[in-house]
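Worksheet: the structure to be examined is printed underneath.
The values are calculated or read from the model by the stated rules, or taken from the named source; none is laboratory data. Remember, it's a predicted structure, so these values are computed and weren't measured experimentally. Positions of Cβ are backbone-derived with ideal geometry, glycine not excepted, and every protein chain shown enters the neighbour counts.
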Amino acid sequence: MLTVEKINQYYGESHTLWDLDMQVPEGECTVLMGRNGVGKTTLLQCIMGLLPVKDGVIQYQNDNLLKYDVERRANLGIGYVPQGRQIFSLLTVEENLLIGLPARRDKIRTIPSFIFELFPVLKEMLDRRGGDLSGGQQQQLAIGRALVLDPKLLILDEPTEGIQPNIITEIGDIIQRLNKEIGLTVLLVEQKLPFARRVGDRFCILDRGRQVAEGAMDQLDDGLVQRYLTV
């Protein structure tokens, strides 16, 4: 579904992504892994159009994604949950969810009921401001906001960061349900190895801006973990 080929990206004079390749097969959950600062979030921001790409190719459903701006990439069916959630703290839960609706291709302008089936707490807190929610509730809101636009590809940047253990379990359950039951393709950045093994079908490891390993999740052995993932 998503193919990244020979991507190079710079911050000023700093070369951050080096001829980077990655495959995200349709219908699977691919986990992007690596230590802090190796380029994982940078790659996601390049995919979403939030950062410029120096050269290379990013294809989504056999279309050149690089020719589209940020808004158009959402219209194509890519939902994005950024690191740190980035909800609108002064808007209500309902207003946060409504923001995603204009990106829907079917022009529906009401919040789909399945959002509240996945996250019952959001229905209970529709009138509460986003900034008044707990960290776990805010993460659920951020995921719900991305799902409102009816994506075919869901990109999540460390959705378990700073979340209490019981909510981490719930988020894992929801990712598996979206991926395995609904067939949503998922690209996930995740530092927690047990969580990654639980939800992921495939892994891709970055180190110093380069892709150094990829494969089926059952091929993620102790050697790779020790070399590239252990702090």
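All conditions but one from (1) in a loop (DSSP other than H, G, I, E, B); (2) closer than 23 Å to residue 183 by Cα; (3) of a type in the set (A, V, I, L, M, F, W, C) apply to residue 116; the one that does not is (1). Within the span defined as the range 61-73, every residue fails to be surrounded by 15 or more Cβ atoms within 10 Å (Cβ to Cβ), in contact with a strand residue (DSSP E or B) (Cβ under 7 Å, 6 or more places away or on another chain), assigned to a helix (DSSP H, G or I) and among the basic types (Lys, Arg). One residue is enough: does the range 96-108 have a residue meeting the conditions surrounded by 15 or more Cβ atoms within 10 Å (Cβ to Cβ), among the basic types (Lys, Arg) and not in a helix (DSSP H, G or I)? Yes - at least one qualifying residue is present in the range 96-108.
The rows are residues; the columns are (1) of a type in the set (A, V, I, L, M, F, W, C); (2) over 15 Å from the mean Cα position of the chain (by Cα); (3) under 26 Å from residue 3 (Cβ atoms); (4) surrounded by 22 or more Cβ atoms within 10 Å (Cβ to Cβ).
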| position | (1), (2), (3), (4) |
| --- | --- |
| 152 | no, no, yes, no |
| 165 | no, yes, no, no |
| 172 | no, no, no, no |
| 186 | yes, no, yes, yes |
| 190 | no, no, yes, yes |
| 194 | no, yes, no, no |
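The lone criterion from (1) in a strand (DSSP E or B); (2) more than 26 Å from residue 47 (Cβ to Cβ) left unmet by residue 154 is number (2). Only one entry in 111, 87 is under 20 Å from residue 136 (Cα atoms), among the hydrophobic types (A, V, I, L, M, F, W, C) and not in a strand (DSSP E or B), namely 87. Each residue in the range 172-187 was checked for being within 18 Å of residue 85 (Cβ to Cβ) and either in contact with a helix residue (DSSP H, G or I) (Cβ under 7 Å, 6 or more places away or on another chain) or charged (D, E, K, R) (or both), and 4 of them qualify.
Can you work out which of the residues in the range 14-27 that are of a type outside the set (Phe, Trp, Tyr) and surrounded by fewer than 19 Cβ atoms within 10 Å (Cβ to Cβ) is modelled with the lowest pLDDT? Spell out how you get there, then give the answer.
We begin by selecting, within the range 14-27, every residue of a type outside the set (Phe, Trp, Tyr); these are 14-17, 19-27.
Next, only the ones that are surrounded by fewer than 19 Cβ atoms within 10 Å (Cβ to Cβ) stay: 14-15, 19, 21, 23, 25-27.
On the way: 14: 93, 15: 96, 19: 97, 21: 96, 23: 96, 25: 97, 26: 97, 27: 96.
Among those that are of a type outside the set (Phe, Trp, Tyr) and surrounded by fewer than 19 Cβ atoms within 10 Å (Cβ to Cβ), it is 14.
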